[in-house]
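Notes follow the structure.
The values are calculated or read from the model by the stated rules, or taken from the named source; none is laboratory data. These figures come from a predicted structure and were not determined experimentally. Positions of Cβ are generated from backbone atoms using ideal geometry, with glycine treated the same way; all protein chains shown enter the neighbour counts.
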Amino acid sequence: MFGKRLSFAGKFNGGRWVVGLPYAWLLVFFALPFLIVLRISLSEMEAVRVGDIVGYADGTLSLRLRLANYLFLGDDDLYLRAYLSSLRYAGLTTLGCLFIGYPFAYFMARSAPKRQPLLMMLVMLPFWTSFLLRVYAWKVLLSPGGWVATPIHALGLDQVLAALGLIEAPGLLMNTPFSLLIGMVYTYLPFMVLPLYATLSKLDLRLLEAAADLGATPWSAFWRITVPLSRGGIVAGSMLVFIPCVGEFVTPELLGGPRTLMIGRVLWDEFFGNNDWPLASAIAVLLSLLVLLPMVLYNKVQAQEAKR
């Protein structure tokens with residue numbers, strides 16, 4: 001009897017550790033830094049330091065919350081344009097990754113089992129190289145005479161890109177929305193492929209056989225069976241791409257130009273250029289809240305998938 005009680009207590013304590021450690025991690029490395037940034041956003045920038053929001057004088061404890069930073073973000077349309085531009089480029093990058101990544105993930109899932117590890121390694125191979133070096137490589141590839149710029153110019157595709165407004169003029173591929181989207185799609189493509197592959201590899205192929213027996217064409221079976229059953233992977237991959245793209249800084253800085261305004265660049269300028277930490281913190285707080293919306297959507301979809 002004593003042994004059973006001891007075993008039950010050990011399992012109960014182990015369960016608490018399993019649940020408590022992730023919560024402690026999130027509290028220390030997410031919630032606490034977010035509260036610090038929130039506190040700075042409600043402060044006022046003094047000469048060389050951020051002012052305190054809690055004061056004590058003459059036996060009186062006071063709390064001063066400065067909302068002027070948030071009001072200023074609403075008055076200046078620069079920040080609204082930066083937020084909307086970041087959402088637009090993040091959405092286009094997500095669509096590009098989905099358009100390229102879904103066929104590749106589908107091909108991986110339908111390949112022979114002995115080939116799948118090789119294909120998986122090819123997807124993860126870019127992670128073996130520094131992120132900064134990969135972005136710099138695109139500067140060379142898209143510059144005049146580069147390996148990518150040359151065939152684009154030879155095929156006349158640069159004229160099409162210029163007509164679509166993705167580049168300023170034929171032959172000028174760098175520091176344009178086109179170069180920015182190319183770099184971001186390339187960078188975040190593995191984050192789309194891996195969740196899709198994990199979902200498609202678990203698909204029961206007998207459902208497709210049953211659809212074929214009932215007279216469905218391969219294309220109809222794909223849209224009515226494969227795509228709906230892979231919705232979890234589509235949502236997961238889209239969130240993994242969209243969320244970091246919204247606050248992206250390195251790729252727009254190296255491959256973008258004046259037309260590719262994104263909130264990450266504005267945030268950098270406010271922190272290190274203008275030395276206005278409260279305003280920059282307010283931008284970061286609103287950006288975090290903006291990113292939480294797709295995360296809530298993802299959790300909702302996951303909950304619906306779990307009920308089925």
Matching entry among A68, A57, A109 (being touching a residue at least 60 places away in the same chain (Cβ under 8 Å), of a type in the set (A, V, I, L, M) and out of contact with any Lys or Arg (no Cβ under 7 Å at 6 or more places or on another chain)): A109
The stretch 65-112 - residue that is outside any helix (DSSP H, G or I) and of a type in the set (D, E, K, R) and, of those, nearest to V235 (Cα to Cα): D76
Count - residues of the stretch 226-243 that are at pLDDT 90 or above and surrounded by fewer than 18 Cβ atoms within 10 Å (Cβ to Cβ): 3
Total residues in the stretch 52-99, condition surrounded by 12 or more Cβ atoms within 10 Å (Cβ to Cβ), β-branched (V, I, T) and not assigned by TED's automatic domain parsing to the domain that holds L240: 1
Residue in the stretch 175-188 that is assigned to a helix (DSSP H, G or I) and farther than 19 Å from G91 by Cα present: no
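Yes or no, residue by residue, for (1) assigned by TED's automatic domain parsing to the domain that holds Y136; (2) within 21 Å of the chain's Cα centre (by Cα); (3) closer than 27 Å to L142 by Cβ:
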position	(1), (2), (3)
L200	yes, no, no
D213	yes, no, no
A216	yes, no, no
T226	yes, no, no
P252	yes, yes, yes
G264	yes, yes, yes
L289	yes, yes, no
P294	yes, yes, no
Boolean, Y186 is of a type in the set (F, W, Y), in the same structural domain as G91 (by TED's automatic domain parsing) and in contact with a Leu (Cβ under 9 Å, 6 or more places away or on another chain): no
Filter result for the condition that a residue is under 28 Å from P218 (Cα atoms) and either of a type in the set (G, A, S) or at pLDDT 90 or above (or both), over R81, R88, R115: R115
The stretch 199-248, residues that are in a loop (DSSP other than H, G, I, E, B) and not hydroxyl-bearing (S, T, Y): K202, L203, D204, L214, G215, A216, G247, E248
Only listed residue being in contact with an Asp or Glu (Cβ under 7 Å, 6 or more places away or on another chain) and under 24 Å from S86 (Cα atoms), chosen from I167, I100, I152, I182: I167
